[in-house]
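For reference, the structure is listed below as structure tokens.
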Amino acid sequence: MDSIILEALNISKTFYEPKAVKVLRDVNFSLNKGEFASIMGKSGCGKSTLLYILSTMDTDYEGDLRIDHISMKQKNEPELAYVRNEKIGFVFQFHYLLNEFSVLQNVMLPGLRLGKYSAEETEHRAFEKLKVLGIETEAKKKPNQLSGGQKQRVAIARALINDPLIIMADEPTGNLDKKNTEIVFNIFNELITNYQQTILVVTHDSEFARKTQRIIEMEDGTIIN
Amino acid sequence: MNFKLTWNIAVALLLAHLRQTIVAATGVTFSITMFIALLSFMGGLNKLLDGLVINRTPHIRLYNEIAAARHQPVDLTNAYRHSYNFVSSVKPQNKRLGIYNSKAIMEAIALDPRVQGLSPLITAQIFYNTGQVNITGLINGIDPNMENELFLFGDYIIAGKFIDLKNTPNSIILGKGIAKKMIVHLGDIIHVTPANGNQVPLKVVGIYQSGLEEIDNKQSYTSIATTQKLLDESNNYITDIQVKLKNITEAPKIAAYYRQVFNIDAMDIQTANSQFDTGSFIRSLISYTVGVTLLIVAGFGIYNILNMMIYEKLDSIAILKATGFSGKDVSRIFSTIALGIGIFGGLAGLILGFILSVIINHIPFNTTALPTIKTYPIDFNIGFYFIAGLFSFLTTYFAGYFPSKKASKVDPVIIIRGK
């Protein structure tokens, strides 16, 4: 279980507006398969910026990013979209569910985009994911009929639909109360132990971070620990 | 990305904004409806006005023109044959108006496969005598059956029957204007005097209205035989042969051919009535301009609503992009929305446009100038529907193009960080 699936090589980023500020300086780190890591740091230390670069959504950086040993630097926008679709699952602070679709359809969307399985199979798989997260009874509801904790679980199910290499989460518990935070953590933990899922979480909740296997601490755009 | 997924997402977004969608689609529907109705109505009107002339005008008219001889004697002398000769004060030839060998020419033309039919005609100047007054006029000697077949003569008879011209000897059908001036009715006897001075009594068997007042004030019809008698001419005297072709566009070519073969003057309809083409063209141009303007306005409606939708759906766009939808996918979703509005609004517009045309076609429209017209004219031309459909497709495509482009450029990082 020592294969590297995510590698950041000398990643630097500068914001030019309103004035040039170097937010990331030569960030180097790698993530192995099955690792449950968290990036910790104060607000403004560049941890979210780093995550968006690692997620391939932000392409304006120096250095190189390798996912599954493949460099992302040379890829164009549709190719990166495909990488996100196939290999990365996202969970954000805000759930970003589409209210026009049912919970089940929301989970299915990235699966349908990938098109690896038929629509029926994707639906079945989506239902299985909801079951794993214990919210299969809400499948037919619209997202706005769900509680905040439930929504976040649906978002996690959506992140899992394409069996991604890695799940990236940006403050996944930022909007949740203590009980729901615990539920989300337990889900992540379960994914690690039962499915050898790789998870990278950005958080400033030190209690949450302490429970993960590895803490990457950041300050002023660099990793200090 | 497969079309079904694009379509499903587009439909879901459309349904979520049902009211705006309907407003946008209604704009397209309205403009297409008006476009169809306007063009059909204008087309019908054009056909009607052209018909006024074309129904009455032969495609080719063969006649002897009063003109100077084409070759003056000096051109034939050996000394000056190759010179360019100027002759002043040339007078028209003393040529008789009757067509030479008219019977043989008519037989030859009747056998021409390009010809739909022909009708002989004698035109002559006459005076209508009423009391102390002589009114100048024009008499047309016609074969009533042939005339009706080719020029729908019967349609313009507002009193009496055209066939009585044949059945009643020494009969006349008067123009409406001249009948009114002379205060005569069906069955009355009138007197006319042709150029030779013999006054002849004729029985009025019909009143004729062409819709062109100038004609109705002057013209009257008798049978060929009556006219020949009136003019003291033999029974093969004919001044015009009117030819109707199967294909009107061939008229100038065939006219030139007849001119050469029969050594006679031949006038084609295009040369005689070029101004009608121009009038129709301008009217069509105006209706197309108005129609296209309506569509462009509808296009702006779609543009607006899509822009609003994109602004409201920034979150959705961001998450779609984060989970693996490329800019192209997103742009395709919004293009589909625009085209969906365009296609459904357009289809409804085509159907409503047809219905509106049918309704207009049933509105009574009675005008003394146009005796055969009872309702507003409509041209049910499938071409208008094609053009309208194509335009609605194009305008909605372009109306959707820029908002879609904008949606594809949404940066998910900015949206997600903003929360």
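Every number in this text was worked out from the coordinates using simple rules, so none of it is lab data. Being a predicted model, the structure only gives us computed values, none of them experimental. Note that each Cβ is placed from the backbone with ideal geometry, even for glycine, and that neighbours are counted across all protein chains shown.
Summary table
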quantity: The stretch A:130-225: C-alpha gyration tensor shape, a/c 1.5 cut-off, then a/b vs b/c; calculated: prolate
quantity: Between 0 and 90°, nearest 10: helix A:178-195 axis offset from chain A longest Cα axis; calculated: 90 degrees
quantity: Nearest-ten-degree value, helix A:103-114 long axis tilted from longest Cα axis of chain A; calculated: 60 degrees
quantity: Per-residue [θ]222 nm for chain B (sum of -39500 (n - 2.57) over DSSP H runs n ≥ 4, rounded to 500); calculated: -17500 deg cm²/dmol
quantity: Folded to 0 to 90 degrees: helix A:77-87 orientation relative to chain A principal axis, Cα; calculated: 60 degrees
quantity: FRET efficiency estimate (nearest 0.05) - Cβ-Cβ, B:Arg70 to B:Arg114, R0 22 angstrom; calculated: 0.25
quantity: Distance cut-off 34 Å, percentage of C-alpha pairs in chain B lying past it; calculated: 54 percent
quantity: Mean separation of Cα contacts under 8 Å (6+ apart) over length of chain A, as relative contact order %; calculated: 31 percent
quantity: Cα gyration tensor shape for the stretch B:91-171, rounded if a/c is under 1.5, else prolate or oblate; calculated: oblate
quantity: At 1.002 mPa s and 20 °C, Stokes D of the stretch B:179-223 from Kirkwood alpha-carbon radius, µm² per second; calculated: 184 µm²/s
quantity: Kyte-Doolittle mean at least 1.0 and Cα axial length at least 30 Å: DSSP H helices in chain B; calculated: B:18-54, B:327-361
quantity: Positive-pole candidate from A:Gly174, B:Ala195, A:Tyr61, dipole of the protein assembly as shown, charges at beta carbon; calculated: B:Ala195
quantity: Among the listed pairs A:Lys151/B:Lys406; A:Lys33/A:Lys116; B:Lys218/B:Lys374; B:Lys161/B:Lys244; B:Lys161/B:Lys203; A:Lys87/A:Lys129, those beyond 19 Å (Cα-Cα); calculated: A:Lys151/B:Lys406; A:Lys33/A:Lys116; B:Lys218/B:Lys374; B:Lys161/B:Lys244
quantity: Rel. contact order, % - alpha carbon contacts under 8 angstrom, at least six apart, the stretch A:1-92; calculated: 32 percent
quantity: Principal axis dimensions, largest first and in whole angstrom, of the protein assembly as shown by Cα; calculated: 129, 65, 45
quantity: Residue mean of other protein chain beta carbons inside 10 Å, A:88-98; calculated: 5
quantity: Rel. contact order, % - alpha carbon contacts under 8 angstrom, at least six apart, chain B; calculated: 27 percent
quantity: Ellipsoid semi-axes in whole angstrom, largest first, where each is sqrt(5λ) of the Cα gyration tensor of the stretch A:4-223; calculated: 29, 20, 16
